[in-house]
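Data first, discussion second: the structure below is written as structure tokens.
Just so it is clear, none of the values below were taken in a lab; they were calculated from the coordinates. Every value quoted in this text rests on a predicted model; they were computed, and no experiment measured them. Please note: Cβ atoms are built from the backbone with ideal geometry, for glycine as well, and neighbour counts cover all protein chains shown.
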Amino acid sequence: MSTATVAARSAFDAAALDTILSGTAGPAWASDLRRTALERLTALGLPDRRDENWMRTDLRLFKPQAWGPRPAPAPATPPPEGLLASAILSRDLAAESYADFEAGGAAVGPGRLAGRFASLDGHVVRCELDAALAARGVVFGAADELLAAHGAALRPHWFQVIDPSCDWFAAMHAAFHAASAVLYVPPGVRIADPLHVVAGISDGGVDTSHVLVVLGEGAEATVLTETAGGGSAGGPGGFHCGGTEIVVGKGAMLRMVNLQNWNTGVWHFARQKAVVHASGRLQWTLGALGSRLSQVAQDVALVGRGGSAQVNGVMFTEGRQHLVYNTLQHHEAADCRSDLLYKGALQGRSRLVWRGMIKVDKAAQKTDGYQRNDNLMLSNDARADSIPGLEIEADDVRCTHGATSGRVDAEQIFYARARGLSADEAARLVVAGFFQQVFDRITIPQVREALARAIGGRIHRIA
Amino acid sequence: MPSATEQLVIKGLHVSVEGQEILKGVDLTIGRGEVHALMGPNGSGKSTLGYAIMGHPSYEVTAGSVELVGADGSRRDLLAMEPDERARAGVFLAFQRPMSIPGVRLADFLRHAVTNVRNPDRKEGQELMPMRDFRNELKAKMSELSMDTEFARRYVNDGFSGGEMKRAEILQLAMLRPKFAVLDETDSGLDADAVRLASESIARIGGADMGILIITHHEQLLEHNIPLKTHVMLGGRIVESGGPELAQELHKRGYERIRSAYPEAAAAEKALEESSRAAAV
Ligand SMILES: Nc1ncnc2c1ncn2[C@@H]1O[C@H](COP(=O)(O)OP(=O)(O)OP(=O)(O)O)[C@@H](O)[C@H]1O
Ligand SMILES: [Mg+2]
């Protein structure tokens, strides 16, 4: 039986788009992209479970009509800060771990942020950039104004990296993105301190923000993005439909961290893609702690010779959380390396799905591709699915994948307790040990520390 | 009658694993400052005794008591305590087969352990021992034990050789300084020089105020730790206790005399062997 697609209706409609367009500071070409996306949106239904990417995502309780643009927050509302920003700004890492201490970690004091951007319910509430960087041509801040002012640098990438029409969420995002941020780093400019973007929502709030990061040839930067807030499970929750586009220029180096830290009532849909040019290097870390249901597409395209991408995933789920990741490491050019390591720990009745693909084009000889997913089950009712895949058209490549799923061993816990550690401490230590391999790859100590602490704080007693 | 020192007192201890009775009434009293040797054939129940003292959840105590009896006659019931409370009360078990904890550095693990054991009332989340003090102490202890300090950065027992695991157990003993320690075959896996070093180190760590139960199949560990008493376990009971000369006799002649002198225990040993064999198929 074939079913006609029924368009999914929400308050993200033509009238809502008119309101956005009448108030936007963005250029006309950007408004045209929104209109095209709206046309596409009105023809689409929600993704179908027959689609392989959505097969393991249960959208039955997702009601599009519940969501639409939200009013601006009251003027005195403080901007959200975020876990990573507080870790960078106020945490003194002294003496947290023996290895850091030995490595001179006692000296790691509070750090600085080179730029800060914050939004609440789709409205920009903070936007700052180090003046010295601005003087060197670095562009960072609210997308609408900056697209108008720096069209030549940004227009070739804006909604060109990700496909704005591939499904309902992508089209909705492309038409209605709000409080979006862009970063452009001119060729040769190296930024030492991280730039920070936080998207916050209130209970029942909505966030549709978009992030575009463009690094010119030989540029270097560290970008931290994170989400915060929303309602917990059982309440009004929240809705995020976002997108991230990353362009790493020739020989450029980007360290990117995306932390999804919504409360557990939030629906999270995100499409993220990076394009890495010749000899460019990308270290991309995804952390996921929150949301009710997440569907994330994370793609890396290596389009120039000698590029490399390291992808790290740190996931912790509990309760009835259900997180789905579809990753793609697409080797389009020769001599590139991609190395993906996703690690998840699951508690309660939560579920984690990773479906990973390494795709190697005919031209991409001497590809070195790796993908691995390890999961640690902290309860009997949790469930993890790892589905690695390879699609290789070149003949001189090395591509491998692996996946493991294990439980916390009661004997390990007893050993630690016999040395005076409480059951909870023992469990936290074993889980921290499980994540150590991926933490070792994250070269920003405060990010490591913040993730470790956040995860540690959520672990219940393991029987 | 209260003794002059604190004692670990085990009375009539019966222990089952998966419904199978392994220990069938063990009595043993160890005072602080005393060394006792526990010997016995494979499968006689020596490690089971160590696990039961430490509170392993798979080892169910069906009868008997294990108590810390103070010099003033005060009694603390170990069996009512969780394993970590027992550790904080000053009891230590060096494992026959230590567990590995991948990703957790020995130093970080030990810092938690030392902090808790030295502050028995510490709640989780409260400050750990200052890193600088901890590191200095750890390095000093490691050099006393002729251990490379790099070792502290390795993950707990992960990929350790048999000998390295045992040396790491001795390091933990040295750092935790318990009142009572059960050393379960801490000599196995060590080469000849390392056993000699271990024997000296344990004697030094134990000093005059640690009660030590050494479980061993060999003589060398006892060289610097002359046992006040040697106990022989057979079929889940201590069937005979004697002085250091008993250990020597068993080393030389094996357990034939014991088996024929205690036919009932020998029969229990046989029955247990048969039932584990049956369980295996
Ligand atoms: N966790 C367990 N599960 C099943 N059987 C067990 C377990 N622990 C001990 N046993 C059984 O209990 C008996 C005593 O074992 P135990 O390890 O105490 O012996 P042991 O005296 O330490 O021997 P060895 O000298 O070989 O170390 C054996 O038959 C063993 O198979
Ligand atoms: Mg044993």
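When we measure straight from the Cα of B:LYS179, which lysines land under 25 angstrom away, once same-chain ones fewer than 8 places off are left out?
Cross-link targets: B:LYS11, B:LYS46, B:LYS123, B:LYS139, B:LYS141, B:LYS166, B:LYS229.
Could you give the nm distance between label points at A:ALA233 and A:ASP440, where each point is 7 Å from its Cα heading toward the beta carbon?
3.3 nm
When the dipole is taken about the Cα centre of chain A, and only Lys, Arg (+1) and Asp, Glu (-1) are charged at their Cβ, what size is it in debye, to the nearest 20?
580 debye
Report, in whole Å, the centroid distance computed from the Cα atoms of region B:181-238 and region A:253-300.
Using only Cα atoms to place each centre, the spacing works out to 55 Å.
What residue among A:PHE117, A:LEU421, A:ILE459 has its Cα farthest toward the positive end of the dipole of the protein assembly as shown, where the charges are +1 on Lys, Arg and -1 on Asp, Glu, each on the Cβ?
A:PHE117
Just subtract the alpha-carbon distance of B:THR29 and B:SER241 from 0.36 nm times their residue separation and send over the number in nm, one decimal.
Roughly 75.2 nm would be gained on extension.
B:GLU256 to B:SER143: FRET efficiency via 1/(1 + (r/R0)^6), r the Cβ-Cβ distance, R0 45 Å, to the nearest 0.05?
0.50
Taking the Kirkwood radius as the inverse of the mean 1/r across Cα pairs, report the Rg/Rh of the protein assembly as shown.
1.08
Given region A:125-267, what percent of its DSSP beta bridges are antiparallel, to the nearest 5?
For region A:125-267, the DSSP antiparallel bridge percentage is about 10.
State the number of lysine pairs found in chain A whose Cα atoms come within less than 26 Å, restricting to pairs 8 or more positions apart or on distinct chains.
9
Please state the shape class of region B:11-74: rounded when a/c is under 1.5, otherwise prolate if a/b exceeds b/c and oblate if not, all from the C-alpha gyration tensor.
oblate
Per residue of B:80-88, count partner chain C-beta atoms within 10 Å of its C-beta, then hand back the mean as an integer.
Across the residues of B:80-88, the mean count of other-chain Cβ atoms within 10 Å is 5.
Which shape class, rounded, prolate or oblate, goes with region A:11-83 when its Cα gyration tensor gives a ≥ b ≥ c as root eigenvalues, a/c under 1.5 marks rounded, and past that a/b bigger than b/c marks prolate?
In terms of gyration-tensor shape, oblate.
If you keep only loop residues by DSSP, which trypsin sites (Lys or Arg not before Pro) in region A:344-419 have at most 16 other Cβ atoms within 10 Å of their Cβ?
Hits after loop and neighbour filter: A:ARG349, A:LYS362, A:LYS366.
Rounding to the nearest 20 debye, state how big the charge dipole of region A:181-325 is about its Cα centre with +1 on each Lys and Arg Cβ and -1 on each Asp and Glu Cβ.
Roughly 360 debye for region A:181-325.
Fewest Cβ neighbours within 10 Å first, please rank A:LEU195, A:LEU113 accordingly.
By the 10 Å Cβ count, ascending: A:LEU113, A:LEU195.
Quick one: dipole size for region A:51-92, taken about the Cα centre, charges +1 on Lys/Arg Cβ and -1 on Asp/Glu Cβ, in debye to the nearest 20.
200 debye
Starting from the Cα gyration tensor of region A:394-455, take the square roots of the eigenvalues, sort them a ≥ b ≥ c, and report rounded, prolate or oblate (rounded when a/c is under 1.5, otherwise prolate if a/b is larger than b/c, else oblate).
Oblate, since a/c reaches 1.5 and b/c is not below a/b.
Only loop residues by DSSP count here, and only those with at most 10 other Cβ atoms within 10 Å; note down the GluC sites (Glu not before Pro) in region B:93-143 that meet that.
In loop regions of region B:93-143 (DSSP not H, G, I, E or B), the sparsely surrounded GluC sites (Glu not before Pro) are B:GLU127.
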